[in-house]
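One structure is given below, encoded as structure tokens.
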Amino acid sequence: MHTTHSAFVSAPPEAVFSLAADVEAWPRLLQAYRWCRILERTPDRLVFEMGGVIRGWPARWTAAQERDPATNRLVFSHLQGLTRGMRVEWRLQRQPRGTTVTLIHDLVMPWPLVGRLVSDVIVGPIFIDWIARQTLQAVKQAAESAQRGAR
């Protein structure tokens, strides 16, 4: 499963990066994320456990987040849960009036024979696509709202 989602955000990359990196605040941005618990924190890596309800289904996962503010990139590696092995990259590109944000998800379920089918036909289109769109929209709204408030 490979998905790409993009949006233009009327805010600078630094503001978008800050919101996207702050997974502890995601439950306040989007109702689908119910809680987040930090398991490990270093200057450029965060390991966290998150839970929520994705399209009506309970979900829980552990992920590592690596931050690279110099290149405006965040990379999430899912370590536990149904999406174990998924890689999610946030790419932020400065534009004259804001930021283009691109989310890239890659996952092949590690199940013999049916892993790719389940990833490509069920998990990707039904769950990952939905939550990626919701998360991107929530970060966009929060960044643009903060930007309007700063003027």
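Numbers below:
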item: Dipole of region 7-151 [Lys/Arg +1, Asp/Glu -1 at C-beta], most positive-end residue of GLN134, VAL121, PHE48; result: GLN134
item: Mean ellipticity per residue at 222 nm, deg cm²/dmol - from DSSP H runs of n ≥ 4 across the chain, formula -39500 (n - 2.57); result: -7000 deg cm²/dmol
item: Most positive-pole-ward Cα, PHE76, GLN95, LEU107, against dipole of the chain from beta carbon charges; result: GLN95
item: For the chain, built as a Gaussian network whose Cα springs stay under 10 Å, the top-fluctuating residue of ARG60, ARG97, ARG73; result: ARG97
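Rule-based calculations on the coordinates, nothing more; no lab input. This is a predicted model, so every value here is computed, not measured. Here the Cβ is made from the backbone with ideal geometry for all residues, glycine too, and neighbour counts use every protein chain on show.
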